[in-house]
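The block underneath contains the structure these notes are about, expressed in structure tokens.
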Amino acid sequence: MVLTELGTKIIESLKKNQGAKPEHYIETTTQICKALEEANVSTDIIKIFKRNVLKKSIGSKKDTKINMQKIVVNELIEMLDPKTKPAFHPIRGRSNIIMFVGLQGAGKTTTIGKYANYYRKRGWTVGLVCADTFRAGAFDQLKQNAVKVHVPFYGSYEEKDPVKVASNGVSHFKSKAFEIIIVDTSGRHRQEKALFDEMANIRKVVKPHEIVFTLDATIGQAAFDQAKAFQQEVDIGSCVITKMDGAQGGGGALSAVAASGSPISFIGDGEKFDDFKKFSAEGFVSQLLGMGDIHGLIERFEASAIDEKQLIKSTTKMMEGDFTLRDLKTQLEALSGMGSFSKILEMIPGMQEMLNIRANPDDPTQTVSSQMTYKFAQMDRVLKSMSKPELDSKTVFTEESRIKRIAHGSGIKQEDVTQFMHSFKAMMAMFKKMGKNGGLMQMMKQMTSGAAGGGMPGMPKGMGGMPGMGGMDPAAMMAQMQQMMGGMGGMPRGKGGKMPNMAQMQQMLASGQAKMPKGMGGGGGLGGMMKMLGSMMGGGK
């Protein structure tokens, strides 16, 4: 996830100073402010944050129980939410015109493709208009993006007047009753009068319902001046922050845009068209601090082309121990339909810290997340190389001729395909055992009934007890799963791509949260499950 280092530093600061004395609150706040400064957040914004946190901790009454984590979370949300105007929501049954503006190089045309893809996947009819006649190749780039996300487009190689192109394109899609009409406008290398005049003229003609300013996260604090300048000229409705994946200035850009009074509607955090998510200050802070983003996860699920009946059927079979390779294929396809596998995992409460653990201490790029993504991609290739009878077989096959054919078709080593089949057989036995004991059903019931209640400690109202989670905190969930899967062995230790042991992961997930209930900590069961998943395709890359 973007700004992972910032999130880790904030979490560590909250863990180190858990006392109730003023010096503990001061030390925690000082460390968090230092982390914000390193994330390129402006000094003025940090001063406001520090003043508010200390006022609500040290400045409160002595008999009041202070929840430092809750105070910090709330102030981070305030930092990223300008609360200046309601978010734009397109209306069904009408042509919603969205005009994109921004400087050249900010990723505007690519973002338009992501924006179009976002609404198309949610059932809207979307059309793209290329009114960028300034940049050579702009129309070709938009055309290519439109084809990739399966939406129609309008533009002209001959017409050089951007106002005419915009007007004609909007009229074209309105005549066909398109619900989302996106207009791409020209960008420049810098803010200049010609750019603003052109935007104003297009705006006057097409009368957009929303003007979106595309802004590059790598510029950091400079985002404030840019957002202000565009806001004054064309009254932008919201901002999309691009290139958030690994942007050193990401924290500065987000906080600067919010400080300018411009709402952030979406963030782009990758090169793929699905690497685009609706921005929520609450959800962003929750995910930043390893608490997940369940609302975002549900939205991804609802927008994916998943056959829910088929998914429920395959899940039920899994819980009954009657699971085929085709059912596993269905589950993997459901995940891939939701976008990047690693980003989906990051949205699950409690997973963030575990996923960022180095799987290989000698290689900082080899994290649990990167290895799991690699393994699941291998599994997908193996399953796609199987025949229909093989996918539907009730027995696990290990014949050398079949293994050789599948290995050749998937580009995977024969021994790794064999390992995959043995691991699948062991997984079936595990689920069958869980089904008999009622363990999995018990956990699912607890997750969805809300019986656990309370949410994660330190979460402000509205963030705990999230839909579908029943308020269960990650440590309790992990412990519950471990209790059910007891006796399956522990996680391997050491270097060479091996995953960290279960005790280390438990310590990370449980730190700063509710203590695990007695009797739920032993067995190394979840470690066995993670070991199995990690070894399904053999060793490291």
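The values are calculated or read from the model by the stated rules, or taken from the named source; none is laboratory data. On a predicted model such as this, the values are computed, not experimentally measured, just so you know. As a convention, Cβ positions derive from the backbone with ideal geometry for all residues, glycine included, and neighbour counts pool all protein chains shown. The area values use the complete protein model at the heavy-atom level, side chains included, leaving out ligands, DNA and RNA. Shrake-Rupley method; radii C 1.70, N 1.55, O 1.52, S 1.80 Å.
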Q | Karplus 3J(HN,Hα) series, Hz, for segment 79-92 with 6.51 cos²θ - 1.76 cosθ + 1.60 (x for Gly, Pro) | A | 4, 9, 10, x, 6, 8, 7, x, 5, 6, 10, x, 10, 5
Q) Rounded to the nearest whole Å², what accessible area per residue is found for segment 96-289 with the 1.4 Å probe? A) 38 Å²
Q. Can you give the accessible area of Asp197 in Å² (nearest 10), computed on protein heavy atoms with a 1.4 Å probe?
A. 70 Å²
Q. Among rounded, prolate and oblate, which fits segment 32-172 when a ≥ b ≥ c are the square roots of the eigenvalues of its C-alpha gyration tensor, a/c under 1.5 means rounded, and a/b larger than b/c means prolate?
A. prolate
Q: Take the Cα of Lys174, step 7 Å along the line toward its Cβ, and report every residue of segment 111-137 whose backbone nitrogen sits under 19 Å from that point.
A: 125-132
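Determine the percent antiparallel among the DSSP beta bridges restricted to segment 96-289, to the nearest 5. Write down the numbers at each step before the final one.
Numbers: 3 of 29 bridges.
Bridges in segment 96-289 are about 10 percent antiparallel.
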Q) What figure in square angstrom, to the nearest 10, would you give for the accessible area of Lys243 with a 1.4 Å probe? A) 80 Å²
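Can you tell me which of 94-100, 150-156 comes out highest on packing, and rank the rest after it, using the mean Cβ neighbours within 10 Å? Mind showing how you got there, number by number?
On the way: 94-100: 21.3, 150-156: 18.1.
Listed from highest to lowest mean packing, they are 94-100, 150-156.
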(Q) Skipping prolines and chain starts, which residues have an amide H placed within reach, meaning under 5 Å, of the one on Ile264, given they are 5 or more residues away or on another chain? (A) Cys239
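As a quick test, which of the pairs Lys16/Lys56; Lys85/Lys121; Lys148/Lys413; Lys176/Lys329 have an alpha carbon distance above 28 angstrom in this structure?
Working: Lys16/Lys56 19 Å; Lys85/Lys121 26 Å; Lys148/Lys413 32 Å; Lys176/Lys329 39 Å.
Where the Cα-Cα span goes over 28 Å, the pairs concerned are Lys148/Lys413; Lys176/Lys329.
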(Q) Out of the chymotrypsin sites (Phe, Trp or Tyr not before Pro) in segment 155-216, which ones are loop residues according to DSSP with at most 14 other C-beta atoms within 10 Å? (A) Tyr157
Q: Starting from the amide H of Phe276, placed 1.01 Å from N in the peptide plane, find each other amide H under 5 Å away whose residue is 5 or more places distant or on another chain.
A: Asp269
Q.
In whole Hz and in residue order, list the ³J(HN,Hα) couplings for segment 24-35 that follow from phi through the Karplus curve 6.51 cos²θ - 1.76 cosθ + 1.60, θ = phi - 60°; x for Gly and Pro.
A. 5, 5, 5, 5, 4, 4, 4, 5, 5, 5, 5, 5
(Q) Keeping all protein chains in the complex and leaving out DNA, RNA and ligands, what accessible area do you get for Glu390 with a 1.4 Å probe, in Å² to the nearest 10? (A) 10 Å²
Q: Kindly write out, for segment 114-126 in residue order, the coupling ³J(HN,Hα) from the Karplus curve 6.51 cos²θ - 1.76 cosθ + 1.60 (θ = phi - 60°), rounded to whole Hz, with x marking Gly and Pro.
A: 5, 4, 5, 5, 4, 7, 4, 5, 9, x, 8, 8, 10
Q | With every protein chain in place, segment 6-59: carbon and sulfur % of accessible area (1.4 Å) | A | 53 percent
Q: Please work out the Cα center distance from segment 383-426 to segment 234-269, rounded to the nearest Å.
A: 46 Å
Q) Carbon and sulfur atoms: what percent of the 1.4 Å accessible area of segment 96-289 do they account for? A) 49 percent
